[in-house]
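We did not get these values from a lab; they are worked out from the coordinates using the rules stated. None of these values were measured; they are calculated from a predicted model. With ideal geometry, Cβ positions are generated from the backbone for all residues, glycine too; neighbour counts draw on all protein chains shown.
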Amino acid sequence: MRRHLVPVLGAAALTAAWCPTTPVPAPSPTTLVVFITVDQMQADYLTRFGAQLTGGLARLTRGGAWFVDGDLDYANTETAPGHATVLSGRFPRHTGIVSNERGVPDSTAPLVGARGPGASPRRFQGQTLIDWIRAAEPEARALSVSRKDRAAILPLGRGHAQVFWYAEPDGPFTTSTYYMDTLPAWVRAFNARRVPQGFAGRAWTPLLPDSAYPEPDSVPTEAGGRGFAFPHVLAADPAQAARLVIEYPWMDQITLDFALAGVEALGLGRGPATDVLAVSLSSTDAVGHRYGPDSREIHDQILRVDRVLGAFIDSLYRLRDSARIVFALTGDHGVAPFAELYAARTGRPAGHVSLRGPITAVRAALADRGVPAAAFRIESAALWVDRAPLRAAGLDVDSVVAAFAVMTRAVPGVARVDLVRTLAQADTAHDVIARRWYHALPPDLPIEAVVTLEPHYVWGREADAQHGGPWDYDTHVPVLFYGPPFRPGRYPDTVRVVDMAPTLAAAIGVSPSGVLDGHVLKAALRTAPSSDRQ
């Protein structure tokens, strides 16, 4: 069956760095797709630290199809939009997930057996890989796990599945009533083990000798100036440790152990249908925000991701036939370095930006006409406007927005302000920023303008590493495939995360439904997709 695919803008033909010279036997039918998202995983981490990788990341990069220049190609680079993209093949413009705040929060779907805000995928639009599989194999099962609710929920869309996350701030693993009313026995059994509490008092020290880390371990800008050097010791109190472990590398190990328990309990990958396991590892995001992408801590964290993924893959292969498992790995976004450190190290401009001046001025003028402040607000670099109150006050909305844009462009650190209605007319083949904003915004949202900061400028005054913008350091992530259907090699051309779901679908022989933004990465496949052979 042929399907409609949106072409890549300006993409070059892909070429493989390696090609087998001997015939390859037909692979066994895939019974398990394992999709791993490493939260805040920059593409260059795999090359920067590649020589020291010995575990799962080493296996995937050296034996899989590795696209070294993966790109999100949209602007709102937050966790929720990223996870909605990975298995849907569509940009936020078409998934409807535009930010964390407008991702999965749902007061009508309270947590099961835990405290915390409710969550569901009700805002998600369209289908994902598991829906495409079930169209051919209704008995296919799916499990998604993460520390974060949005990272667990969104890779599987709105489909019925086993979806669990760590109920912050202190656990246990839970779900919401969108999925079920009581936790399964295997989840209750895992929670009863009190695994997070077992890390109480443990010290995080580097895996390798100091000489293996070129990064200094004495940077007061990191961690708010407190506890910025190794060792980092988790609280000795078990209850406090369960709350704080999410900031340490061990949360990834806990998440993968939970995923393995789910694979065993649910029988994922036993066949005959193709099951899906989605795992999102969140510790890199926590470490990256606190210490930055140039820190010794992030270096060690990536080495630890490599180790725990290696143990996870080995454990999975002991449970299931490795010839019937495929893996894919990416990141949901990258991150900018600390503005202060970047400026000091490079001598280039960087800093912090606030739009309090323009937004306060416009709101004051609107208040004089009886317009409430909530009708004109900035959220995730986007200007949201409720047109009705402005019109009722006799105001020309476009003129008000234009005045805000003029004031905002004058703020130091602001690169550009784009009116949303003009993005579709931009030269998106060459204007990367306009293209990424266009991909980011569903047309039915009341967003009038979007603000792009200069490179290495960040929002607010806090000294932390941030992401969320349209620059390459936020959008470039790894794209990896591993398993019998894939042709090992290192591929240099730019591809997009939205290409991953259709490529996986082609690898396992299912057809996506609906119009996709991504396309099949044929160079990664040992054999041509079935649709090309018809």
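How much length is gained if the chain between S322 and R243 is pulled fully straight, taking 0.36 nm per residue apart and subtracting their Cα-Cα distance, in nm to one decimal?
Values: separation 79, 0.36 × 79 = 28.44 nm, distance 3.58 nm.
Full extension from S322 to R243 adds 24.9 nm.
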Size of electric dipole in the range 26-121: Cβ of Lys, Arg +1 and of Asp, Glu -1, about Cα centre, debye, nearest 20: 240
Amide H partners (placed H, <5 Å) of A278, local residues excluded: F35, L143, S144, V145
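Using the Cα centre as the reference, give the magnitude of the dipole from point charges on the C-beta atoms of the range 186-292 (Lys, Arg: +1; Asp, Glu: -1; all else neutral), rounded to the nearest 20 debye. Intermediate results must be reported in sequence, preceding the final value.
Details: 8 positive and 11 negative charges, 95 e Å.
Once rounded to the nearest 20, the dipole reads 460 debye.
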Assigned charges on the beta-carbon of Lys, Arg, Asp, Glu; the chain dipole about Cα centre (debye): 900
Tilt relative to the chain, helix 296-319 - C-alpha long axis, 0 to 90 degrees, to 10: 40
Helix-derived mean residue ellipticity, 222 nm - over the chain, DSSP H n ≥ 4, -39500 (n - 2.57), to 500: -9000 deg cm²/dmol
